[in-house]
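Comments concern the structure below.
The values are calculated or read from the model by the stated rules, or taken from the named source; none is laboratory data. Source: prediction; values computed, not measured. All Cβ positions, glycine included, derive from the backbone under ideal geometry; neighbour counts span all protein chains shown.
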Amino acid sequence: MTNDLLTTDEAAALKGVSRRTIQRLITLGELPATETIHGWRVQRADVEAAPKRGVGWVKGRPRKAPPNAAGCVGSASAPAAPASPAPPPATP
(Lines give C-alpha, C1' and ligand atoms only; values in the text may rest on other atoms or scores of the structure.)
Protein backbone atom coordinates (compact mmCIF):
# COMPACT_ATOMS: atom_id res chain seq x y z
CA MET A 1 0.00 0.00 0.00
CA THR A 2 1.36 3.43 -0.91
CA ASN A 3 1.31 6.34 1.47
CA ASP A 4 -1.40 8.76 0.34
CA LEU A 5 0.05 11.71 2.27
CA LEU A 6 3.02 13.47 0.70
CA THR A 7 5.43 16.04 2.05
CA THR A 8 5.88 19.27 0.13
CA ASP A 9 9.20 17.92 -1.20
CA GLU A 10 7.54 14.72 -2.45
CA ALA A 11 4.66 16.67 -4.03
CA ALA A 12 7.13 19.00 -5.74
CA ALA A 13 9.08 16.06 -7.16
CA LEU A 14 5.86 14.44 -8.37
CA LYS A 15 4.76 17.60 -10.24
CA GLY A 16 8.23 18.70 -11.34
CA VAL A 17 8.09 22.06 -9.57
CA SER A 18 9.89 23.57 -6.60
CA ARG A 19 8.90 23.01 -3.00
CA ARG A 20 8.23 26.74 -2.73
CA THR A 21 5.65 26.46 -5.53
CA ILE A 22 3.81 23.75 -3.57
CA GLN A 23 3.94 25.90 -0.43
CA ARG A 24 2.59 28.89 -2.36
CA LEU A 25 -0.30 26.80 -3.73
CA ILE A 26 -1.15 25.66 -0.22
CA THR A 27 -1.10 29.26 1.01
CA LEU A 28 -3.29 30.41 -1.90
CA GLY A 29 -5.76 27.61 -1.16
CA GLU A 30 -5.26 26.02 -4.59
CA LEU A 31 -3.91 22.81 -3.08
CA PRO A 32 -5.67 21.36 -0.01
CA ALA A 33 -3.23 20.40 2.73
CA THR A 34 -3.00 19.42 6.38
CA GLU A 35 -0.49 20.99 8.73
CA THR A 36 1.30 18.59 11.04
CA ILE A 37 4.01 19.17 13.61
CA HIS A 38 6.50 18.09 10.93
CA GLY A 39 5.20 20.37 8.18
CA TRP A 40 2.51 20.34 5.52
CA ARG A 41 1.09 17.13 4.02
CA VAL A 42 -0.96 16.88 0.85
CA GLN A 43 -3.00 14.04 -0.59
CA ARG A 44 -1.37 12.29 -3.54
CA ALA A 45 -4.71 12.35 -5.39
CA ASP A 46 -4.95 16.16 -5.00
CA VAL A 47 -1.43 16.64 -6.35
CA GLU A 48 -2.00 14.28 -9.28
CA ALA A 49 -5.36 15.91 -10.11
CA ALA A 50 -3.98 19.44 -10.10
CA PRO A 51 -2.83 20.78 -13.47
CA LYS A 52 0.90 21.32 -13.75
CA ARG A 53 0.44 24.82 -15.06
CA GLY A 54 -2.05 27.42 -13.98
CA VAL A 55 -2.21 30.56 -11.91
CA GLY A 56 -0.13 29.28 -9.03
CA TRP A 57 1.91 26.76 -10.98
CA VAL A 58 3.69 29.23 -13.23
CA LYS A 59 7.39 29.16 -12.49
CA GLY A 60 9.22 32.39 -11.85
CA ARG A 61 7.96 35.87 -11.26
CA PRO A 62 6.77 38.54 -13.66
CA ARG A 63 9.67 40.24 -15.34
CA LYS A 64 10.52 43.81 -14.60
CA ALA A 65 10.13 46.25 -17.44
CA PRO A 66 13.32 46.49 -19.50
CA PRO A 67 15.32 49.69 -19.14
CA ASN A 68 14.25 52.46 -21.48
CA ALA A 69 16.67 54.50 -23.60
CA ALA A 70 17.66 56.63 -20.62
CA GLY A 71 18.59 53.49 -18.67
CA CYS A 72 15.73 53.89 -16.22
CA VAL A 73 13.63 50.90 -15.27
CA GLY A 74 9.88 51.34 -15.18
CA SER A 75 7.29 52.98 -17.31
CA ALA A 76 8.52 54.53 -20.49
CA SER A 77 8.37 58.29 -20.58
CA ALA A 78 7.23 60.26 -23.60
CA PRO A 79 9.81 60.25 -26.38
CA ALA A 80 12.06 63.26 -26.52
CA ALA A 81 11.15 65.98 -29.01
CA PRO A 82 13.21 65.80 -32.19
CA ALA A 83 16.07 68.24 -32.44
CA SER A 84 15.27 71.41 -34.33
CA PRO A 85 16.65 71.43 -37.88
CA ALA A 86 19.90 73.26 -38.54
CA PRO A 87 19.48 76.81 -39.86
CA PRO A 88 20.03 77.24 -43.61
CA PRO A 89 23.53 78.34 -44.62
CA ALA A 90 24.04 82.09 -44.95
CA THR A 91 24.20 83.43 -48.53
CA PRO A 92 26.89 85.99 -49.49
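A few notes on this one:
- Members of segment 13-58 found to be at pLDDT 90 or above and on the phi > 0 side of the Ramachandran plot, listed by number: G39
- Note on segment 15-38: residues that are loosely packed, with under 15 Cβ neighbours inside 10 Å and more than 19 Å from the chain's Cα centre (by Cα) total 6.
- Pairs where the first residue, in segment 19-34, is over 19 Å from L5 (Cβ atoms) and the second is not in a loop (DSSP other than H, G, I, E, B) and not aliphatic (A, V, I, L, M), C-beta under 7 Å, 6+ apart: none
- Meets criteria (in a helix (DSSP H, G or I), modelled with pLDDT under 90 and surrounded by 10 or more Cβ atoms within 10 Å (Cβ to Cβ)) for E10: no
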